[in-house]
Amino acid sequence: MPGATAIPIGYWAAFTMLVMVALAIDLGLFHRHGRAVGFREALGWTTVWFAMAMVFGTWVGPHFVEGWHASSTAQFLAGYFVELSLSMDNVFVIAVVFSYFEVPRAWQHRVLFWGILGALMMRGILIWAGSELIEHFHQALYVMGAFLVYTGAKMAFAGEDADPGALERRPVVRLARRWLPFGDAYEGERFVTVLGGRRVFTPLFLVLLVVETTDVIFALDSIPAIFGITSQPFLVFTSNVFAILGLRSLYFVLASAMGYFRYMKHGLSLVLVLIGAKMLAEPWLKARLGENLTRVSLGLVVGIILASMLFSVVAAWHGRRKAGGN
């Protein structure tokens, strides 16, 4: 895989340490006690994480990371926007999970924190496995491309409404209820408590398991999608991490405004199909567009996402205006 080892291991370690420090500060300083996260605070943190991603991709990477090539910035940005967009779909599913299990808003941040910490570890493993697979079996990119085209088409024609009852039928829920001892009531932010002299898991731990497995399901789409943008593991990992780090605050921004994103799923499905088709036609496209291929991909991805958001907001506004008129 060209360029796979271009980034020295020290930069991987430094970036990972930076992420761990940021998470420790987040949980230990700003969210030591359970409380509901307001829209304004969530929007502020979303802006902070977005700004950090932009600074890293456009300034830190090009100036300080050895092995960061001329096209790396466009690849990072395209990968970041793809992952961020797919994370928005993840947000809506998490909202259904919290609603079904009636998780109080004050405890949702703690579940998201530990869920995202687990997601970072799992995605790191998946990215490593994907990099190794592509390095030793380059044709895997075509398999991923075909899978993305199929997934995107399936998403486009899937029903709009998630079935909350389907959560109870998930294997992780059925297996957890069968093999693990659970209490019947929440115990604050605790995942484990003591009842009748024995340790049992609280329902909040079950919610955490569902959130973790939900991210694994979404990773099966997002990891192949970003490999369709770049095969450089460092760019894949860093763009993934920044998108995931912003997921918690993004949830609290979007969860109360899901009605304004009715066409988001259609935009995401088109993005997946587009990236999958790009992976399948990569040699032909590179022969004609050369280094401009990444910039064209970035423009199309951002354009599709923004257009789907704009159409969603306009449709929601017209719907509310029509309802008000009646």
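The values are calculated or read from the model by the stated rules, or taken from the named source; none is laboratory data. Predicted model, so just to flag it, every value in this text is computed and none were measured. Using ideal geometry, Cβ is built from the backbone for each residue, glycine included, and neighbour counts are taken over all protein chains shown.
For this structure, a couple of remarks:
Okay, residues lined up against (1) touching a helix residue (DSSP H, G or I) at 6+ places or on another chain (Cβ under 8 Å); (2) under 19 Å from residue 304 (Cβ atoms); (3) not aromatic (Phe, Trp, Tyr):
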{"residue": "37", "(1), (2), (3)": "yes, no, yes"}
{"residue": "47", "(1), (2), (3)": "no, no, yes"}
{"residue": "59", "(1), (2), (3)": "no, no, no"}
{"residue": "72", "(1), (2), (3)": "yes, no, yes"}
{"residue": "80", "(1), (2), (3)": "yes, yes, no"}
{"residue": "92", "(1), (2), (3)": "yes, yes, no"}
{"residue": "96", "(1), (2), (3)": "yes, no, yes"}
{"residue": "99", "(1), (2), (3)": "yes, no, yes"}
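- Selection from region 61-82 of residues that are under 13 Å from residue 234 (Cα atoms) and among the aromatic types (Phe, Trp, Tyr): 68, 76, 80
- Residue match in region 104-117 (condition: hydrophobic (A, V, I, L, M, F, W, C), crowded, with 19+ Cβ neighbours inside 10 Å and out of contact with any Leu (no Cβ under 8 Å at 6 or more places or on another chain)): no
This table checks each residue for (1) among the polar types (S, T, N, Q); (2) touching a residue at least 40 places away in the same chain (Cβ under 8 Å); (3) touching a Ser or Thr at 6+ places or on another chain (Cβ under 9 Å).
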position: 169; (1), (2), (3): no, no, no
position: 181; (1), (2), (3): no, no, no
position: 188; (1), (2), (3): no, yes, yes
position: 199; (1), (2), (3): no, no, yes
position: 205; (1), (2), (3): no, no, no
position: 214; (1), (2), (3): yes, yes, no
position: 222; (1), (2), (3): yes, yes, yes
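- Single residue of region 295-326 satisfying the filter (under 30 Å from residue 75 (Cα atoms) and of a type in the set (S, T, N, Q)) that is modelled with the highest pLDDT: 308
- Whichever residue in region 38-64 is crowded, with 20+ Cβ neighbours inside 10 Å and among the aliphatic types (A, V, I, L, M) and, among such residues, is farthest from the chain's Cα centre (by Cα): 42
- Among residues of region 65-92 that are under 29 Å from residue 108 (Cα atoms) and in contact (Cβ under 8 Å) with a residue 40 or more places away in the chain, those with a Cβ under 8 angstrom from a residue that is of a type in the set (D, E, K, R) and assigned to a helix (DSSP H, G or I), sequence gap 6+ or separate chain, pair up as 86/221; 89/265; 90/215.
- Close pairs from region 280-301: first in a helix (DSSP H, G or I), partner surrounded by 13 or more Cβ atoms within 10 Å (Cβ to Cβ) and among the polar types (S, T, N, Q), Cβ under 8 Å, at least 6 apart: 294/71; 294/75; 294/230; 301/85
- When region 189-217 is filtered for residues that are touching a strand residue (DSSP E or B) at 6+ places or on another chain (Cβ under 7 Å) and part of a strand (DSSP E or B), the ones remaining, listed by number, are 192, 193, 199, 200, 201.
- Selected residue (only one of 213, 193 is closer than 25 Å to residue 110 by Cβ, among the β-branched types (Val, Ile, Thr), surrounded by fewer than 19 Cβ atoms within 10 Å (Cβ to Cβ) and under 16 Å from the mean Cα position of the chain (by Cα)): 213
- Helices (runs of 4 or more DSSP H) (entirely within region 41-157) containing at least 3 residues that are modelled with pLDDT of 85 or more, over 20 Å from residue 21 (Cβ atoms) and out of contact with any His (no Cβ under 9 Å at 6 or more places or on another chain): 72-100, 105-136, 140-157
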